[in-house]
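The values are calculated or read from the model by the stated rules, or taken from the named source; none is laboratory data. Predicted, not measured: the structure shown is a model, and the values here were computed from it. In this analysis, Cβ positions are derived from the backbone assuming ideal geometry, glycine residues included, and neighbour counts consider all displayed protein chains. What goes into the accessible areas is simple: the full protein's heavy atoms, side chains included, and nothing from ligands, DNA or RNA. Shrake-Rupley method; radii C 1.70, N 1.55, O 1.52, S 1.80 Å.
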Amino acid sequence: PIICGVPAPTLDDIQLNSAELQEFLSVTQLFNEKLHHFTHKKKMKFIDVYSATKNELLSSNKKYHIDQYHLTPDFLQIGINDNLI
């Protein structure tokens, strides 16, 4: 199997105070870290979508999102060509 991480979240329409926002962003980062660790331990392939889609603030860099939730359909090909995944 090939396991795919989740992208960094977009912050469009998110209404959280700064503490809640930091926790929200940290959960996404932690989920991807744990998933990556698990797949490595089980010798499975992992597509690190999170690293390719995050900015320095841990939210979406908006390079690959086509809306608040979805990545461009050709993200995997772009990622492979640009050595992102």
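List of remarks:
- Candidate set: region 1-45, residues that are in contact with a Pro (Cβ under 8 Å, 6 or more places away or on another chain) and assigned to a helix (DSSP H, G or I); chosen: the one least open to solvent (accessible area, probe 1.4 Å): LEU25
- Selection status of ALA52, of a type outside the set (Phe, Trp, Tyr), part of a helix (DSSP H, G or I) and within 11 Å of the chain's Cα centre (by Cα): yes
- Restricting attention to region 46-66, the residues that are open to solvent by 50 Å² or more (accessible area, probe 1.4 Å) and touching a residue at least 24 places away in the same chain (Cβ under 8 Å) total 4.
- Checklist (1) exposed (fewer than 11 other Cβ atoms within 10 Å of the Cβ); (2) over 12 Å from the mean Cα position of the chain (by Cα) applied to ILE80, failing item: (1)
- Test set (1) in contact with a helix residue (DSSP H, G or I) (Cβ under 7 Å, 6 or more places away or on another chain); (2) at pLDDT 95 or above - PHE31 fails condition number: (1)
- Those residues of region 55-67 which are of a type outside the set (Lys, Arg) and assigned to a loop (DSSP other than H, G, I, E, B), in sequence order: ASN55, GLU56, LEU57, LEU58, SER59, ASN61, TYR64, ILE66, ASP67
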